[in-house]
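For reference, the structure is listed below as structure tokens.
The values are calculated or read from the model by the stated rules, or taken from the named source; none is laboratory data. Please read these numbers as outputs of a predicted model, since none were measured by experiment. Positions of Cβ are backbone-derived with ideal geometry, glycine not excepted, and every protein chain shown enters the neighbour counts.
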């Protein structure tokens with residue numbers, strides 16, 4: 001049986017959910033894999049972000065989102081869909097940071113080879129940087145081990161030693177009626 005939920009607001013179902021992993025009903029649903037909360041931020045912002053030439057890059061502020069886990073053993077699924085284009089016809093890198101109680105930690109990074117220009121994920125290379133913005137999708141399951149507020153920040157970074165201007169939700173060209181504009185989003189899902 002498939003249950004489809006559409007629209008906004010609250011949906012109410014009668015009865016219990018029967019599963020080997022879940023027990024209970026309504027807000028008392030418990031078990032491994034139970035979704036506790038979902039937060040989403042969708043942005044149509046069309047700002048420009050200059051990365052600079054270092055790993056630090058620049059925070060893409062419309063894609064910063066915070067969540068307060070209900071249990072320190074719960075995980076947070078961090079899902080980004082970023083659309084945009086870089087100024088130099090090269091790939092744009094992104095680095096994901098977790099901030100808890102003022103302490104910033106780089107997460108989701110390949111640390112096996114520190115001699116490389118390491119990023120969390122990339123927006124694809126586009127040799128024609130005056131046309132269509134490209135999407136980049138990323139999913140990371142984090143274990144912040146806290147019930148304090150957790151903030152996830154995304155930084156645009158260069159993928160080489162030259163600074164890049166990243167245009168969020170648009171191409172680098174002058175906006176016209178034939179240039180596409182898009183949206184980007186971040187979704188945080190707390191899972192037991």
Single unsatisfied condition, residue 84 versus (1) assigned to a loop (DSSP other than H, G, I, E, B); (2) at pLDDT below 90; (3) in contact with a strand residue (DSSP E or B) (Cβ under 7 Å, 6 or more places away or on another chain): (1)
Of the residues that sit in the stretch 38-56 and are over 16 Å from the mean Cα position of the chain (by Cα) and over 20 Å from residue 179 (Cα atoms), which one is surrounded by the most Cβ atoms within 10 Å (Cβ to Cβ)? 51
Could you tell me whether residue 79 is surrounded by fewer than 12 Cβ atoms within 10 Å (Cβ to Cβ), at pLDDT 90 or above and touching a strand residue (DSSP E or B) at 6+ places or on another chain (Cβ under 6 Å)? no
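Looking at 132, 176, which one is modelled with pLDDT under 80 and either crowded, with 19+ Cβ neighbours inside 10 Å or out of contact with any strand residue (DSSP E or B) (no Cβ under 9 Å at 6 or more places or on another chain) (or both)? Before the answer, list the steps.
Working: 132 fails: either crowded, with 19+ Cβ neighbours inside 10 Å or out of contact with any strand residue (DSSP E or B) (no Cβ under 9 Å at 6 or more places or on another chain) (or both).
Going through 132, 176 in turn, just one is modelled with pLDDT under 80 and either crowded, with 19+ Cβ neighbours inside 10 Å or out of contact with any strand residue (DSSP E or B) (no Cβ under 9 Å at 6 or more places or on another chain) (or both): 176.
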I'd like to know if the stretch 99-110 contains one or more residues that are over 27 Å from residue 47 (Cα atoms), surrounded by fewer than 18 Cβ atoms within 10 Å (Cβ to Cβ) and in contact (Cβ under 8 Å) with a residue 24 or more places away in the chain. yes
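Of the residues 71, 66, which is exposed (fewer than 15 other Cβ atoms within 10 Å of the Cβ), part of a strand (DSSP E or B) and either at pLDDT 95 or above or touching a strand residue (DSSP E or B) at 6+ places or on another chain (Cβ under 7 Å) (or both)? Can you show your working first?
Working: 71 fails: part of a strand (DSSP E or B).
None of the others qualify; the one that does is 66.
Yes/no per residue for (1) out of contact with any helix residue (DSSP H, G or I) (no Cβ under 9 Å at 6 or more places or on another chain); (2) surrounded by 15 or more Cβ atoms within 10 Å (Cβ to Cβ):
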| site | (1), (2) |
| --- | --- |
| 139 | yes, no |
| 146 | yes, yes |
| 150 | yes, yes |
| 153 | no, yes |
| 159 | yes, yes |
| 164 | yes, yes |
| 168 | no, yes |
| 181 | yes, no |
| 185 | no, yes |
Find the residue count for the stretch 142-164, including only residues that are modelled with pLDDT under 95 and assigned to a loop (DSSP other than H, G, I, E, B). 6
Condition broken by residue 96, with the remaining ones in (1) surrounded by fewer than 18 Cβ atoms within 10 Å (Cβ to Cβ); (2) free of Cβ contacts under 8 Å to residues at least 60 places away in the same chain; (3) within 16 Å of the chain's Cα centre (by Cα) satisfied: (1)
Hey, does the stretch 48-57 have a residue that's in contact with a helix residue (DSSP H, G or I) (Cβ under 7 Å, 6 or more places away or on another chain), under 13 Å from residue 169 (Cβ atoms), in a strand (DSSP E or B) and in contact (Cβ under 8 Å) with a residue 40 or more places away in the chain? no
